[in-house]
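Below you'll find the structure, written out as structure tokens, and then a few comments.
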Amino acid sequence: MKKIFLSLGGLLLGTILTYGQATISPAKPQSAAIIITGATIHIGNGQVIDKGYIAFDKGKITAVGTGAAPAIAGAQVIDATGKQLYPGFICPITTLGLVEIEEGARGTVDDTETGDMNPNVRSLIAYNTDSKVIPTVRSNGVLLAQPTPEGGTISGQSSVVQLDAWNWEDAAYKSDIGLHLTWPASSRGGRRGGGRGLPVAGATTETPAERAQKALDALDSYFAQAKAYAEVKQPVANLRFAAMAGLFNGTKKLFVNADGTKEILQAIAFAKKYNLQMVLVGGKEAYMVADVLKENNVPVIIKETQALPSKDDDDVYLPYKMPKILQDAGVLYGLTGIGFWRQRNLPFEAGQAVGYGLTKEQALSMITLNNAKILGIDKTTGSLEVGKDANLFISPGDALDMITLDVTTAFIQGRNINMDNLHKQLYKKFSDKYGLKP
Amino acid sequence: MKKLLPFCIALLFVHFAQAQQTFPVNGAWDVRPGQYAFTNATIVVSADQTITNGTLLIKDRVIEAVGAAIAIPKGYVTVDLKGKFIYPSLIDAYTTYGVPDAARAAFGAGGAATGGFGRTQVPVSTKAGPYGWNEAIKAEMSAKAVFHVDAAKAAELKKIGFGTVQSLIHDGIARGTSMAVTLGDERDNFVILNDQAAAHYSFSKGTAATNYPSSLMGSIALLRQTYYDAQWYKNQKEEYNISLDEFNKTQSLPQVFEVTDPLSVMRAAKIGKEFGKQYIYKTDGTEYQRLNEMKATGSSFIIPLTFPAPYDVEDPIDARNISYEQMKEWELAPTNPATLEKAGIKFALTTYGLDNTGTFWANLQKAIDFGLTEKQALNALTAIPAEMLGVADKVGTLAPGKMANFIITSDNLFKKDNVIYENWVEGRQYVVGKLGISDLRGAYNLTGAGLNNITLNVSGTPGSYTLSALHTGVDSTRTTGTFTRAGDGVSMYFDLKGNPVGTIRLNGYITSLSPVTLKGFATLPDGSSTGWVATYTGPAAAGGGGFGGRGGGAATAAKTNTNVGPVIYPFTAFGNAEIPKAETVLFKNATVWTNEKDGILKNTDVLIENGKIKAVGKNLAAGTAKVIDATGKHISAGIVDEHSHIALSGGVNEGTHSVTAEVRTADVINSEDIDLYRQLAGGVTTSHILHGSANPIGGQLQIIKHRWGMAPEELKFEGADGYIKFALGENVKGSNNPVQFGATYVRFPQTRMGVEQVYVDAFQRAKEYKAARAVKGSNVRRDLQLEALAEILDNKRFITCHSYVQSEINMLIHVADSMGFRINTFTHILEGYKVADKMKAHNIAGSTFSDWWAYKNEVAEAIPYNGKLMHEVGLVTGFNSDDAEMARRLNQEAGKAVTYGNMSEEEALKLVTLNPAKMLHIDNKVGSIKAGKDADIVLWSADPLSIYAVAEKTYVDGVPYWDLSQDAAKQKAMKIEEARLIQKMIDAKGSGSATQRAGAAGGRRRPQYECETTEDEQADFVSGLGTQSSGKQ
């Protein structure tokens, strides 16, 4: 615990350590230039600067370099000698802020709307900045997230938020960036094998593939109508089609959840037909069609490296190796975990791939610059480069490894955010009860 | 012979009069002598004896004489069978013949039976009458009470040579009695050979409405308890119970147990051993997968010939949905009968499970191609089932005094183009195909106006001809048609597809047999008529190009490729043909995490030998050991998972009752679970296989080692203490289950208040039980549930209790104090940090998640510092998985104790090694690196707590079950084997085999269990279907 409360040159004055969730307040805007010196700076694009400095003012990075930092009048200087400096992690495709208690408390669950086609539904306005979960995720370096609706075929629209805000308007980092589509599955998917007993001959006349084809035809018709709708001003508004207009003029992305090889190929062809900016989400079998993804410039957001292979016959480490396979194939790939609270493990999900071929900096890029590129926010964040937002944090050790991760100080848009959370508070409370030093 | 005359089956009802003494007759009595002499036949009396040129004399129902030189008395109808064969008619050892599906209803299900599987809650039987409490125990059922001759079904079986069957009611765990009946078309009274052939059992509760059992382990517990109840019932006067009464009455009969796979054979055998029963097993035909264990049961088997069809594999993407296991099973299934024969295992064959009994002979011939001897095949269809059913004195061989049940065939019964002509049942003739009829197969030259240049090819069998026509000339056309024969009349039609356009229909007669000549009138597509003549020119053409057609008889059948790959252990992906052996290895220069007072030793050697750690130290001598340079690498003890639900068959929860202390995960260990292997690849060597958390007192638990390939019994941790699962909180309250509208029964408890009372009540009863047993001994009904609880009171069984919030943890500690038992471990225990002092005072261990929270309300204050706090207070603290995925990186979970709370690395690793070993009382054998302990060790590429660490080698008892350096080669070998099997399937399809779609195979998904998985598993382990649930316990 001592490391968590390690004070850095009096800079943590804003972090008043009282114990009550309500007191974890969003930080005040950056009031003076800040220079962090002596750190090992992980840029996020693969580069590392040893003993480097970074300066930022009014929320934007003004200088990054190696050696002695330039003097800036009135700047606060943080000596981070021997420490690691990272761009804030970005967590795409998550229900963070949409769900507080997963089961048995439906009142806290706002991630799945009823109905099959909900392109007009927006996650941003349901994003709960007061969630107790958010500070626990932030504490592990995740500073931006993409709260994402789930369910149905078209689940709705997502936005990118920064994780230190009074309300969703403050939180909005880039609003309504895309729509989320779950591709109809043509095969059973999932794991195979293991079942014992003898096969039962297929009794139904309609094969799963035929069922899926029907669903695909319906989807195609839906998109054709939505596209036509967008071409002219309509006398009678259709909220759903109107919400899809951005897909056809390139202002919104289509995030497609698909895992199977066939489904991925179908989705790519579909995106091509309608000239959509597609992002593949999940893609358990993306490794089978990596060249097609590359050829069509379709990026992938891998869901979890810490997963079981989907088939008994698969390489037992296949999910661990997926990033390396996509890396070698030249595909743009990012990474997310699953759910909401589990996203605090995002750095470890990235680190997991290092034992299986990826370099540490490539693993870092997965959850920083690559995710930023895929979400279309790389002009302002994702790496520590001049002109971008000062979304960054300091850890004494390697932030992708659990035995060294320790986010002592973090900035979002230059604001020095409060690193306290419910868990630290309860830890303190019960350490006190037992007379232990946290 | 597999093709039967579909149009000519003349079912001749020969009305012999029965001396039906008790039945009145309408009109004059029609008593016939029924005396026949079958002469000049090759008579196969039994598998051991054949008489050439023999005579069979029958009178009415029985055989009078059989032999080579038998004088035929006057008054006998003589049938000359020169060149023909006589066999005893076949016996199907397992059918539901003549038992209507309604039989289940006839024996009554409860009033609430509408619920089926688990939807309506039915705690105890609602059936009217003095029956037992559980509807799955239906010992009172008897096939004879509902049997009725089913002429259509009998005809189907007689066509393929059967004359006698066992007939049972296929429903429930105890299924009552079956009978042996002939397939005669007579009054029911005359076909019954043995009214009580056997008593039947299974693990499937069938139509029983009672919720319990919902799992395989529940089925096993229920059956065991029933045996004990039945023993008690004999000596008591308190109650009358039809189910138990009948159960006792049927114990002297042969006992037949229907199971699915070899693992279930082992499970049933264990029950048999406990109660002195030698079951006959009716199986799914996969005994070859665990042959040694099958042999060791010493039992007889009834096996099906249900061989999987090859899969459609042309689409490589779809083919990926066919598992390695399915492919191997496809190839090896037909070897099963031969494999059992070679192993000296006694077995009978059955048509049971065949979608179409018409495939019986093709499959049997396939089994013969794969090495089953004809002698054994005949025995398995005659003498062996006769003996099993207690009717060896009546059927199975041809001997004077036995039933006149025999078949007349054209040839050796097992030859591929043999024809069964007649099937006699109890002296009554059943004609399959007319005897002495000429064989019309051959190639014919067709002539007639407008019919020139056409060649006809008649193939198939005399029972079922197939026709193809070839129009020769400039634009030659091949086409298939239809050929039908009725007596000497023939008709055929074919369409030459535009050459000319339309169908040509021919009708005619056999006008000569040497050479065969057919003559008649044809109707041409234009409506005109013409005469035609077809003259035999030679044998029928072989198959190919569609000419000759499919199934064109022996001449066209492709030679079966009998080269098969090896059986692998376990029978799934990554199984080995040979289970690896223990190695003597010296690891040089490693960083060794001893978990002993030496702490973490750098540049240290570890020597393993004979499955044990021999020495730990610097510069150890290698001797004969294989030396592995471990410079820069780390060695730790194998990971011990205190809370796992892998390697289970048929469900993780028997959550139907609040207390199910009688069920045991030990009964349902699944050695074939891929997760055993995947977790070895994450350094796990020992797992505690837990019952789920659906009820306050769950089942008894089993500690296993990950000995990949060994049989379930061999996975069990030798000499380990017995544990039991308790659970608190939301799961036992059922608070996250959907509320059932209008439900009349809701399982107690629904609140934490009720949970306390369940414990108090259960232990009160256990105490009384214990006291009563102490005084009255075995006069007290043995109760497996209370016995398990009494073991807890006696400190012989140890509790691991699923728990979350502090109030309930505190409650159970108080109940334990007041009732006089001890809690060994609180598992999950996410609020352990709030009551760590109380746990410490009671010496209770805490096994928790590293960082799980927010997945339900009772974990709203779960914190990742929990482990650190419990550890600091002085509890034996561990991190568990409860999840097949997390289990394979528990080392990283331990690393999170460093992230959250900054625990020392040495202590952090103990959270997943030594400390859980202590909780499980196995720390004298595993959990640390110390000379004398089991060689359960892991070689890591880096600091084992680090995200970057890879388990390079994992040893259990010195056996390298996981070796990263071999993994690529292993995967490659699997790919090669898979490619071979795929090619073989494509070939099989090419030669006309019907195929099945990938994914059509009964949805062979393997369930992965967590605490909360509560689906009714009954359907699953019977049909092979799996269910899955996601979400944390």
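Values in this text are rule-based calculations from the coordinates and carry no lab data. These numbers come from a predicted model, not from an experiment. Counting neighbours? That spans all protein chains shown, and the Cβs are built from the backbone with ideal geometry, glycine included.
May I ask you to compute the full-extension gain from B:Asp439 to B:Arg187, defined as 0.36 nm times their residue separation minus their alpha-carbon distance, rounded to one decimal in nm?
Computed gain between B:Asp439 and B:Arg187 is 87.1 nm.
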The range B:35-83, relative contact order [Cα under 8 Å, separation at least 6], %: 45
Between A:Gln76 and B:Ala69, with labels modelled 7 Å along Cα→Cβ, what's the label distance in nm to one decimal, could you check? 12.1
Based on alpha-carbon atoms only, what is the radius of gyration of the range B:918-972 relative to the globular estimate 2.2 N^0.38 Å? 1.32
Of the range A:241-268, those with amide N under 14 Å from the point 7 Å along the Cα→Cβ vector of A:Asn296 are A:254-268
Using 22 Å as the Cα-Cα cut-off, could you pick out the over-long pairs in A:Lys294/B:Lys972; A:Lys262/A:Lys284; B:Lys725/B:Lys840; B:Lys328/B:Lys984; B:Lys282/B:Lys366? A:Lys294/B:Lys972
For peptide A:339-352, how many partner chain Cβ atoms fall within 10 Å of a residue's Cβ, on average? 3
Using amide H atoms built in the peptide plane, which far-off residues or other-chain residues are under 5 Å from B:Gly878 H to H? B:Gly846, B:Ser847, B:Thr848
For the range B:442-538, calculate the relative contact order in percent as a whole number, restricting contacts to Cα pairs under 8 Å that are 6 or more residues apart. 24
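Just to confirm a number: summing +1 for Lys and Arg and -1 for Asp and Glu over residues other than B:Val181 whose beta-carbon lies under 13 angstrom from that of B:Val181, what do you get? Mind showing how you got there, number by number?
On the way: positive: B:Lys144, B:Lys153, B:Lys158, B:Arg187, B:Lys394; negative: B:Asp92, B:Asp150, B:Asp185, B:Glu186, B:Asp188, B:Asp195, B:Glu426.
Here the charged neighbours net out to -2.
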How far is helix A:318-329 tilted, in degrees, relative to the longest principal axis of the Cα atoms in chain A, given as a value from 0 to 90 rounded to the nearest 10? 90
Using a 7 Å offset from the Cα along the Cα-to-Cβ direction at both A:Lys433 and B:Met974, what is the distance between the two label points in nm, to one decimal? 4.7
Farthest positive-ward along the protein assembly as shown dipole, Cα basis, beta-carbon charges - from B:Leu518, B:Asn924, B:Ala93: B:Leu518
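Counting each pair of different Cα atoms once, what's the Kirkwood radius of the range A:267-342 in Å, rounded to one decimal?
13.0
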Please find the FRET efficiency linking A:Val232 to B:Thr126, where r is the Cβ-Cβ separation and R0 is fixed at 45 Å, and quote it to the nearest 0.05. 0.10
If we count other beta carbons within 10 Å of each Cβ, what is the order of B:Trp133, B:Trp962, A:Trp168, fewest first? B:Trp133, A:Trp168, B:Trp962
Starting at the first residue of the range B:674-680, write each ³J(HN,Hα) from the Karplus equation 6.51 cos²θ - 1.76 cosθ + 1.60 with θ = phi - 60°, in whole Hz, x for Gly and Pro. 4, 5, 4, 6, 4, 6, 4
For peptide A:302-312, the mean count of other chain Cβ atoms within 10 Å per residue Cβ is 4
Working out 0.36 nm times the residue gap between B:Asp411 and B:Asn795, then minus their Cα-Cα distance, what length gain in nm do you get to one decimal? 131.2 nm
Counting Lys and Arg as +1 and Asp and Glu as -1, what is the net charge of the other residues whose Cβ lies under 14 Å from the Cβ of B:Gly611? 0
With θ set to phi - 60°, apply the Karplus curve 6.51 cos²θ - 1.76 cosθ + 1.60 along the range A:415-430 and write out the HN-Hα couplings as whole Hz, x wherever there is a Gly or Pro. 7, 7, 8, 6, 9, 6, 7, 3, 5, 5, 5, 5, 4, 5, 4, 7
On the formula 1/(1 + (r/R0)^6), with r taken between the Cβ atoms of B:Val567 and A:Ala105 and R0 of 60 Å, the FRET efficiency rounded to 0.05 is 0.75
Counting other beta carbons within 10 Å of each residue's own, what order do A:Ile72, A:Ile101, A:Ile374 fall into, fewest first? A:Ile72, A:Ile101, A:Ile374
Which value, in nm² and rounded to one decimal, describes the direction-averaged projected area of the C-alpha convex hull of the protein assembly as shown? 66.4
Using a basic spin-label model with each label point 7 Å from the Cα along Cα→Cβ, how many nm lie between A:Asp328 and B:Asp987? 3.3
Would you mind calculating the relative contact order of chain B from Cα pairs under 8 angstrom and at least 6 residues apart, reporting the percent as a whole number? 11
Evaluated at 10 °C and 1.306 mPa s, the Stokes-Einstein D of the range B:277-431 based on the Kirkwood radius over Cα pairs, in µm²/s, stands at 92
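Quick one: Kirkwood hydrodynamic radius for chain B, alpha-carbon pairs, angstrom, one decimal?
Roughly 32.6 Å, rounded to one decimal.
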Phi-derived 3J(HN,Hα) across the range B:574-590 with the Karplus relation (6.51, -1.76, 1.60, θ = phi - 60°), rounded Hz, x for Gly and Pro, is 6, x, 10, 5, 10, 5, x, 10, 5, 10, 9, 9, 10, 8, 9, 6, 9
What Kirkwood hydrodynamic radius, in Å, does the range A:273-421 give when the mean of 1/r is taken over all pairs of distinct Cα atoms and then inverted? 16.3
Using just the helices of the protein assembly as shown, give the 222 nm mean residue ellipticity in deg cm²/dmol: DSSP H runs with n ≥ 4 each add -39,500 (n - 2.57), and the total is spread over all residues, rounded to 500. -7000 deg cm²/dmol
To the nearest 10 degrees, the tilt of helix A:239-248 (Cα long axis) against the first principal axis of the alpha carbons of chain A is 80
What is the set of long-range amide H partners of A:Lys83 at a cut-off below 5 Å, with H atoms built 1.01 Å from backbone N? A:Thr40
Determine, from the Cβ-Cβ distance of B:Lys273 and B:Asn235 and an R0 of 30 Å, the FRET efficiency 1/(1 + (r/R0)^6), rounded to the nearest 0.05. 0.80
Can you work out D for the range B:35-83 in µm² s⁻¹ from Stokes-Einstein, where Rh is the Kirkwood radius over C-alpha pairs, the temperature is 37 °C and the viscosity is 0.692 mPa s? 305
Where the eigenvalues come from the Cα gyration tensor of the range A:334-438, what are the semi-axes √(5λ) of the equivalent ellipsoid, largest first, in whole Å? 28, 18, 13
About the Cα centre, and with charges only on the beta carbon of Lys, Arg (+1) and Asp, Glu (-1), how big is the dipole of chain B? Nearest 20 debye, please. 1720
Charge tally in the Cβ shell below 12 Å around B:Lys933, where Lys, Arg are +1 and Asp, Glu are -1, B:Lys933 excluded: -1
Could you pull out every residue, at least 5 positions away or on a different chain, whose amide H is within less than 5 Å of the one on A:Lys253? Hs are placed 1.01 Å off N in the peptide plane, and Pro or chain starts have none. A:Gly178, A:Leu179
Along the charge dipole of the protein assembly as shown, Cβ charges K/R +1 and D/E -1, which of B:Asn619, A:Thr66, A:Thr81 sits furthest on the positive end? B:Asn619
Projecting the Cα atoms of A:Leu346, A:Gln277, A:Ala39 onto the charge dipole of chain A, where Lys and Arg contribute +1 and Asp and Glu -1 at Cβ, the residue farthest towards the positive end is A:Ala39
Ranked packing of B:649-656, B:899-906, most packed first, by mean Cβ within 10 Å: B:649-656, B:899-906
Please report the orientation-averaged projected area of the range B:442-538, defined via the convex hull of its C-alpha atoms, in nm². 5.6
